[in-house]
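Here is the structure we will look at.
The values are calculated or read from the model by the stated rules, or taken from the named source; none is laboratory data. Nothing here was measured: the structure is a model prediction, and the numbers come from that model. Neighbour counts run over all protein chains shown; Cβ positions are idealised from the backbone, glycine included.
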Amino acid sequence: MPKRIYEINELGHLVFGGCDTVELAKIYGTPLYVMDAAQIDAQMKESVRAMKDQFAAYKVFYASKAFCSKAVYKMAKKNGLHLDVVSAGELKMALESGMPGERIALHGNVKLYPELSMAIEHGCTINIDSVEEIADIQAIAAEKGKRVPVLVRVTPGVEAHTHKYIQTGIEDCKFGLGIDNGMAMEAIRTILSCPNLDFCGIHGHIGSQILEDEPYRPTGRNLAAFAMEVESKLGVQVKEINLGGGFGIMYTEDDTPLPIVEYMKEAKAGLEEVYSAAGKPLPVIGIEPGRRIVGEAGITLYTVALRKEIPGVRSYVSVDGGMTDNIRVSMYQAEYEGVLANRMNDAVEEKARVVGRCCESGDILMMKAPLPKAQKGDVLAMFATGAYCYAMASNYNKLPIPTVVMVENGKHGVIVKGQTLEDMTRFEQIPAWLGEEYGD
């Protein structure tokens, strides 16, 4: 049974990464994202070990979209990981962090000219998501006199048990090209006709927050079968099969994520069913953990602003953050657990609804949080917010995006500066004609 990694000190305070979280809240203010470097490092190493245990040739990509920062990118580089990016912003940050272009893959169903141009200039791999974009990639590569390694993202035809918004392995999806409908094969044929493109392999991803290993066997089998079909029909070697990510984490005590090696055992079994029958060795096998790397390594600290009891209905605990720093509850009905960081030894007295400060009834952080009766000024910590919280933060209601602090063995420091009140109006402008019309 997985357990959360934290301690309680003599003051009854939550200690995370060796740091008193109540003190962190005083130093940096709240809301505050806190990331534990030791947990991130451990998850990166676990991912590499799992692949090394199962495959002779492998690649581990950190899925940037989960949490994008130079600090984490540098940790990925040190641990031998590659990076996948989906925008010019993520790519620029990856390059500025010292990651070689050869260890970066550009993903996404939409890749704009500046992104493709930058990726091609720096020797990145491009994961092709549609037939239409192939001509654009070829044109830019020819213009620059470059050869571009490409993979084709396919839909493996495997339905993972997860929220429909993060389910990506089925044919009816904005991502990838269908195997059964012939779109994936058509894309590869087109690539082979392009003199500046090097077809390297295929990529699949069945979804996110997957807590069972069973779907990975048919995923491996289906991708392997398609690879064999490509080699047979087109006479080109599939050098790489990327299985994507999706490995779940513990958001609540009901979640029981498996070690990554267990997912990979199932994937390997599916792959080998096909490759062994064909008498061929497995190609390079890739995975893309993101949430798994940073999810449980992050917490968010809030200050309780007020408490409201509705007799016979429920208690509301309002905090100084909300859907602007964690949209996942509103978007995916995600579930979280939390504690009062300054009252860790107090008994649970109720199941409160923890809500944010935004002007939306759906601005909810925890539906039924078992807590002591929270009071104004308490510090509330939400667990497992390292993935897709800062990454999806917004300025709704003109609220600043919080600071991100990294901690490790009692040390702490800012890795992403939070926005200020001045930032909320920094980019505002009034055209001259409008100012004249209204007397300014």
Condition first: surrounded by 20 or more Cβ atoms within 10 Å (Cβ to Cβ), of a type in the set (A, V, I, L, M) and assigned to a loop (DSSP other than H, G, I, E, B). Can you find one or more residues in segment 341-364 that meet it? yes
Expected single match for in contact with a Gly (Cβ under 6 Å, 6 or more places away or on another chain) and crowded, with 22+ Cβ neighbours inside 10 Å among 374, 369 is 369
Has segment 377-390 got at least one residue that is at pLDDT 95 or above, out of contact with any helix residue (DSSP H, G or I) (no Cβ under 8 Å at 6 or more places or on another chain) and of a type in the set (S, T, N, Q)? yes
Hey, residue 332 of a type in the set (Ser, Thr, Tyr), in contact (Cβ under 8 Å) with a residue 12 or more places away in the chain and surrounded by fewer than 24 Cβ atoms within 10 Å (Cβ to Cβ) or not: yes
Considering segment 19-57, residues that are assigned to a loop (DSSP other than H, G, I, E, B) and out of contact with any Asp or Glu (no Cβ under 7 Å at 6 or more places or on another chain), and then whichever is surrounded by the most Cβ atoms within 10 Å (Cβ to Cβ), we arrive at 55
Apart from one, (1) part of a loop (DSSP other than H, G, I, E, B); (2) within 24 Å of residue 35 (Cβ to Cβ); (3) touching a helix residue (DSSP H, G or I) at 6+ places or on another chain (Cβ under 8 Å) all hold for residue 293; the odd one out is (1)
Residues of segment 150-175 being modelled with pLDDT of 90 or more and not aliphatic (A, V, I, L, M), which ones? 153, 155
Report yes if some residue within segment 412-428 is surrounded by fewer than 12 Cβ atoms within 10 Å (Cβ to Cβ), under 17 Å from residue 21 (Cβ atoms) and within 28 Å of the chain's Cα centre (by Cα); otherwise report no. yes
For segment 6-18, which residues satisfy the criterion of being among the aliphatic types (A, V, I, L, M) and either buried (at least 23 other Cβ atoms within 10 Å of the Cβ) or modelled with pLDDT under 95 (or both)? 14
Does segment 104-114 include one or more residues that are under 22 Å from residue 415 (Cβ atoms) and either within 17 Å of the chain's Cα centre (by Cα) or surrounded by 19 or more Cβ atoms within 10 Å (Cβ to Cβ) (or both)? yes
Please work out which one of (1) of a type outside the set (Val, Ile, Thr); (2) at positive phi; (3) touching a Cys at 6+ places or on another chain (Cβ under 6 Å) is the condition residue 246 fails and give its number. (3)
For residue 1, all conditions in the list (1) assigned to a strand (DSSP E or B); (2) modelled with pLDDT under 95 hold save one; what is the number of the exception? (1)
In segment 124-157, the residues that are free of Cβ contacts under 8 Å to residues at least 40 places away in the same chain and in contact with a strand residue (DSSP E or B) (Cβ under 8 Å, 6 or more places away or on another chain): 124, 126
Taking only pairs six or more apart or across chains, which ones have beta-carbon atoms under 6 Å, a first residue in segment 384-399 that is of a type in the set (A, V, I, L, M, F, W, C), and a second residue that is buried (at least 24 other Cβ atoms within 10 Å of the Cβ) and not in a helix (DSSP H, G or I)? 384/295; 384/296; 387/67; 387/295; 389/326; 391/67; 393/325
Which of the residues belonging to segment 244-253 are of a type outside the set (Val, Ile, Thr) and either within 16 Å of residue 293 (Cα to Cα) or free of Cβ contacts under 8 Å to residues at least 40 places away in the same chain (or both)? 244, 245, 246, 247, 248, 250, 251
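For segment 78-94, what are the residues that are farther than 18 Å from residue 127 by Cα and touching a residue at least 24 places away in the same chain (Cβ under 8 Å)?
Selection gives 79, 80, 93.
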With the requirement that a residue be crowded, with 20+ Cβ neighbours inside 10 Å and either under 17 Å from residue 48 (Cβ atoms) or over 18 Å from the mean Cα position of the chain (by Cα) (or both), what does segment 245-260 give you? 245, 247, 260
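Search segment 306-329 for residues being among the hydrophobic types (A, V, I, L, M, F, W, C) and under 13 Å from residue 376 (Cα atoms), and hand back the single one that is surrounded by the fewest Cβ atoms within 10 Å (Cβ to Cβ).
Filtering first and then ranking leaves 306.
Only one of these is crowded, with 24+ Cβ neighbours inside 10 Å, among the aromatic types (Phe, Trp, Tyr) and assigned to a strand (DSSP E or B): 263, 302. Name it.
302
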